[in-house]
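The values are calculated or read from the model by the stated rules, or taken from the named source; none is laboratory data. The structure displayed is predicted, hence computed values, not measured ones. So basically every Cβ, Gly included, is an ideal-geometry build from the backbone, and we count neighbours across all protein chains shown. All accessible areas refer to the heavy atoms of the entire protein, side chains included, with ligands and DNA or RNA removed. Shrake-Rupley method; radii C 1.70, N 1.55, O 1.52, S 1.80 Å.
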Amino acid sequence: MKRPILLLMFILAVCSCGKKNNSKAINIIPKPVEMEVGKGNFLISDKTIISYNKTELKEAAEYLAERLADETGLHLSIQAANSSQSNIVLDYNSPEEISDAYTLNVSSKNIFIEGTNPRSVMLGIQTLRQLIPLEVNTKIIIPEVNIKDYPAWEWRGMMMDISRHFFDKEEVKEFLDLMAYYKFNKFHWHLTDDQGWRIEIKKYPLLIEKSSWREFNNHDKTCLSEAVKEHNTDYLLPEEKTKEQDGKILYGGYYTQQDIKEVVAYAAKLGIDVIPEIDIPGHSSSSIAAYPDLSCFGTTGWGTIFSSPLCPGKDNTLAIYKDIYAELFELFPYEYVHVGADEVEKENWKKCPHCQARIKQENLQNEDELQSWFVRQMESFFTSNGKKLIGWDEITEGGLSENATVMWWRTWAPNTVKTALEQGNKVILTPNSHNYFDYQQTSKTLQELYTFDPVPASVDNTSKNLILGIQANTWAEAIPSRERFQYMTVPRMLALSDVAWRYDADRKWEEFYSRLIAHFPRLDKMKINYRPVEIPDLHEKIVFVGTTLVKWDYPLSDIELRYTTDETIPDKNSPLYTDPFEIDQSTRFNIRMFRPDGSAADILKILYAKEEYRPGHEGLSSNVGLKCEWHEGIFRQCSQIETVPPKQEYIVESIKVPEGVGGKRGLIYSGYINIPKKDIYTFYLASDDGSKLYINEEPVVDNDGPHGPVTLSAQMALDKGLHPIKLYYFDMNNGGFINLKLFGSDGREVILNNESIFH
Ligand code: ACM
Ligand code: ZN
């Protein structure tokens, strides 16, 4: 049902562009709150003057002139005060408190951007940039509009992890430009982690000397093998991030304090605050490698899942980190500083005499409270320096202090949001299910991201005003290059931009999608290595009976779809898809999209499988629900679950984790599924970590392996009646879920409940 509507949208969009003046195709992201479009135009030429009515807007005027010169080749002059001559006028007047609100009025005589402060004038400038047509000559036609605009949320953030792989200051600035274009205003800079320390701290020079360069680690090796396997240069480690030392190739890099100041100043000009994160007490192997005494036992190491943390039992650990943060406070002139505090492996603390002495001396109950004590110590240091602390949502465990801001990431722990809000703490939403842009884009559709409500259902309306906003996080374990970083974040950040700006509005996917499509030529012009939008209605496995039409309705006309059917990797010489074609045999397609500049996207591997309808059975069982066995243990593959005897058995009337099942779990669901009619069915299997679905003892969806939330889909031709089902799922004890949905070819869902599953 989805495709015809979408198709109609394109046809309407294309037709309306064709008929009307091209300049009226207005596609602003994020969508302005109020916009009236007039009949006329304003023409920008090299005679147009930009004027600013307040001295504080000089930088904004210069920025606009630079961007116009870059994008159109027109060089406009700038002047300090409004006069009868000035045609583009920048001003701000309203009170400071209404931050981020602006108006943009374009008439045939002038363009007037008025903000409530210099930053919001910059937001108006970004809107104006998006009104500039792509094709320009000596005059630029700007349509008459009256825009009144302001965001739903004050915090519209993007996090960049530059520890796992390093991005230099120019790469960071390029990303800041893109953030500003889409009205993001908080840049969260993840500066340290186990795999690298990346900021100069003058008092502790070994942090950089010992921990900013490394021999290739498993992340680097995985990237390099992906580059080879997938013929994808985006996975290569950039040469400038490697060096030879003592006969070894090292990978890394760091920022001097001067670099940091330069980036912070650049961001400030764009209206973006920079929030530094030095992650403690976990994720600290890089500082421990430089100063081993920071740990409990003088060494780096790993526990079951996470690295061995700092030792909060030693006074010196606190003293050193206070020194480090003191230098940080000087570099970042903003109120918020991020302390990390996620994923702390507390086994060492249980064995460490210093930690145990601290627990006793401070009357703490356990290691969770020790972590909480440590965070509070840092927080009071932050407060005495006029800073506010942000921590990942683990800071709610063991007692949350009143003033800390919680950054929620564990989708599976929504209660941390509720607890924090009920206590009056502020919260920033970065749910990993949707807002982790390092997860493969195939793991969630863009539509799922756009239509997802990031506010957990348990949050009531009154406490919603304590939510500062939303953010996406891009962890860089598998992202070694600027190209890969852009591929992972774009177009997802465009969807998130609209959600952050228009959270309260009645957002419609089809409406957003038509605006989004119009942005790809802009992204091409900006040389962004984006991921092209998905081909509608593709699944890992598409099943047909007899013959079928291979039909890829693709909305981006500048993108080439090339494919192979011999399992080789498509290149620029592979067959080009132009029109639908028929197949009568099972065929494995490797599809690859090529952008107008010739660069390639990831390969899509799609099996078109010719099958017969699997016969259904009658009367096999009428016992309602599926059998569900819990096997306790840490599994990395579904096949390992059965190697451990079941601990408990349940009957479930839907696919869910039964009450009482612990975190370390392998679950096996088995029984029969009642298929209502002969049809081709699509199974969507979503899980965190791995899962695997068998119908009639045949594998249907393979979502195996340790991973975050991933949805995969595949089809099977099924006749009416009962069909054996077996579903494996495991979670490695870091929080997870399982979800299975089933749809007929008419798009209707077959709900898995007490009427459709038996054992
Ligand atoms: C996180 O993803 N560990 C915050
Ligand atoms: Zn210790």
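Could you pull out every residue, at least 5 positions away or on a different chain, whose amide H is within less than 5 Å of the one on F306? Hs are placed 1.01 Å off N in the peptide plane, and Pro or chain starts have none.
Distant-sequence amide H within range of F306: zero hits.
Helix-only mean residue ellipticity at 222 nm, the chain, DSSP H runs n ≥ 4 weighted -39,500 (n - 2.57), per residue, nearest 500. What is it? Intermediate results must be reported in sequence, preceding the final value.
Numbers: 18 runs with 200 residues, N = 759.
Calculated mean residue ellipticity at 222 nm is -8000 deg cm²/dmol.
Run the simple label-point estimate for E170 and D506 please: 7 Å along Cα→C-beta, distance reported in nm.
It is 4.9 nm.
Over the Cα atoms of the stretch 40-195, Rg to Rh with Kirkwood Rh, two decimal places?
Values: Rg = 17.1 Å, Rh = 16.7 Å.
Ratio of gyration radius to Kirkwood radius for the stretch 40-195: 1.02.
Any idea what the relative contact order of the chain is, in percent, if you count C-alpha pairs under 8 Å spaced at least 6 apart? Walk me through the intermediate numbers first.
Numbers: 1696 pairs, mean separation 72.0, N = 759.
So the answer I get is 9 percent.
Choose one of N703, Q640, S285: the residue whose Cα lies farthest towards the positive end of the charge dipole of the chain (beta-carbon charges +1 Lys, Arg; -1 Asp, Glu; about the Cα centre).
Selected residue: N703.
Expressed as a whole percent, how much of the Cα-Cα distance distribution for the stretch 359-422 exceeds 16 Å? Kindly include the intermediate steps, with their values, before the conclusion.
Values: 931 of 2016 pairs.
In whole percent, the share of Cα-Cα pairs in the stretch 359-422 beyond 16 Å is 46.
What percentage of all Cα-Cα pairs in the stretch 710-755 are separated by more than 16 Å?
Values: 555 of 1035 pairs.
Result: 54 percent of Cα pairs exceed 16 Å.
Relative to the Cα centre, what is the charge dipole magnitude of the chain, using +1 at the beta carbon of each Lys and Arg, -1 at the beta carbon of each Asp and Glu, and rounding to the nearest 20 debye? Provide the component values of the computation, followed by the final result.
Values: 83 positive and 109 negative charges, 223 e Å.
The calculation lands at about 1060 debye.
Between L742 and residues 5 or more places away or on another chain, which pairs have amide H atoms under 5 Å apart, with H built 1.01 Å from N, and which residues are they?
Here the answer is Y684, V750, since their amide H atoms fall under 5 Å of that of L742.
For the chain, what does the accessible surface come to per residue with a 1.4 Å probe? Please give it in Å². Mind showing how you got there, number by number?
Working: 31340 Å² over 759 residues.
Heavy-atom SASA per residue in the chain reads 41 Å².
Please state the shape class of the stretch 122-193: rounded when a/c is under 1.5, otherwise prolate if a/b exceeds b/c and oblate if not, all from the C-alpha gyration tensor. Walk me through the intermediate numbers first.
Details: a/c = 5.04, a/b = 1.79, b/c = 2.81.
Judged from the Cα gyration tensor, the stretch 122-193 comes out oblate (a/c at least 1.5, b/c at or above a/b).
In whole Hz, with x marking every Gly and Pro, tabulate ³J(HN,Hα) for the stretch 72-79 from phi via Karplus 6.51 cos²θ - 1.76 cosθ + 1.60, θ = phi - 60°.
Values, residue by residue: 10, x, 8, 10, 9, 8, 10, 9 Hz.
Counting only C-alpha contacts under 8 Å and six or more residues apart, can you give the relative contact order of the stretch 81-192 as a whole percent?
Numbers: 167 pairs, mean separation 26.0, N = 112.
Computed over the stretch 81-192, the figure is 23 percent.
Tell me the relative contact order for the stretch 134-188 as a rounded percent, counting alpha carbon contacts under 8 Å between residues six or more apart. Spell out each step's value before the answer.
Details: 23 pairs, mean separation 26.6, N = 55.
Computed value for the stretch 134-188: 48 percent relative contact order.
Quick one: what do you get for the stretch 79-153 if you divide its Cα Rg by 2.2 N^0.38 Å? Present the calculation step by step, with values, prior to reporting the outcome.
Values: Rg = 12.9 Å, N = 75, 2.2 N^0.38 = 11.3 Å.
Rounded to two decimals, the normalised Rg is 1.14.
Could you grab the Rg to Rh ratio for the stretch 226-282? Cα atoms only, Kirkwood for Rh. Let's see the in-between values first.
Working: Rg = 16.7 Å, Rh = 14.9 Å.
We get a ratio of 1.12 for the stretch 226-282.
Under a Cβ-only charge scheme (Lys and Arg +1, Asp and Glu -1), can you give me the dipole magnitude of the stretch 311-402 about the Cα centre, in debye to the nearest 20? Before the final figure, lay out the partial values.
Values: 10 positive and 18 negative charges, 83 e Å.
With Lys and Arg at +1 and Asp and Glu at -1, about 400 debye.
How would you order 180-192, 224-236 from highest to lowest mean count of nearby Cβ atoms within 10 Å?
Working: 180-192: 24.2, 224-236: 15.8.
Packing proxy ranking, top to bottom: 180-192, 224-236.
By average Cβ neighbour count within 10 Å, what is the ranking of 472-479, 107-114 from highest down? Before the final figure, lay out the partial values.
On the way: 472-479: 22.2, 107-114: 17.6.
Packing order, densest peptide first, comes out as 472-479, 107-114.
In angstroms, what radius of gyration and Dmax does the chain have, counting Cα atoms only?
Computed over the Cα atoms of the chain, radius of gyration and Dmax are 27.7, 87 Å.
In the calculated pair distance distribution of the stretch 635-747, what percentage of Cα-Cα distances lie above 22 Å? Show your work: numbers first, answer last.
Working: 1904 of 6328 pairs.
For the stretch 635-747, the share of Cα pairs beyond 22 Å comes to 30 percent.
In whole Hz and in residue order, list the ³J(HN,Hα) couplings for the stretch 595-612 that follow from phi through the Karplus curve 6.51 cos²θ - 1.76 cosθ + 1.60, θ = phi - 60°; x for Gly and Pro.
Per-residue couplings from phi come out as 6, x, 7, x, 6, 10, 8, 5, 7, 9, 10, 10, 9, 8, 10, 7, 9, 9 Hz.
Within the accessible area of the chain, what % is carbon and sulfur when the probe is 1.4 Å and the other protein chains stay in place?
On the way: 15330 of 31340 Å².
Solvent-exposed carbon and sulfur of the chain make up 49 percent of the total.
So, with +1 on the Cβ of K and R and -1 on the Cβ of D and E, and no other charges, what is the size of the charge dipole of the stretch 618-695 about its Cα centre, to the nearest 20 debye?
Working: 9 positive and 10 negative charges, 28 e Å.
It works out to roughly 140 debye.
Just how far, in whole angstrom, is the stretch 432-482 from the stretch 168-185 if you go by their alpha carbon centroids?
19
Would you give the gap between the C-alpha center of the stretch 34-74 and the C-alpha center of the stretch 292-364, rounded to a whole Å?
Using only Cα atoms, the two centres lie 50 Å from each other.
Quick one: which residues, 5+ away or cross-chain, put their amide H under 5 Å from the amide H of V89? H built at 1.01 Å from N.
S51, I111, F112, I113
When you take every Cα atom in the stretch 566-651, what is the radius of gyration, and what is Dmax, the widest Cα pair distance, in Å?
Cα only, the stretch 566-651: 22.4, 60 Å (Rg, Dmax).
Would the stretch 527-605 count as rounded, prolate or oblate if I go by the C-alpha gyration tensor, calling it rounded below 1.5 in a/c and otherwise prolate when a/b exceeds b/c, oblate otherwise? Don't jump to the answer; show the numbers that get you there.
Numbers: a/c = 2.03, a/b = 1.72, b/c = 1.18.
Note, shape of the stretch 527-605 comes out prolate.
Evaluate 2.2 N^0.38 Å with N set to the residue count of the stretch 675-735, then give the Cα radius of gyration divided by it.
On the way: Rg = 12.8 Å, N = 61, 2.2 N^0.38 = 10.5 Å.
With N residues counted in the stretch 675-735, Rg over 2.2 N^0.38 Å equals 1.22.
For the stretch 437-448, in order, what is each residue's ³J(HN,Hα) by Karplus, 6.51 cos²θ - 1.76 cosθ + 1.60 with θ = phi - 60°, in whole Hz (x at glycine and Pro)?
With the stated coefficients, the stretch 437-448 comes to 7, 7, 5, 3, 5, 6, 6, 8, 6, 5, 4, 4 Hz.
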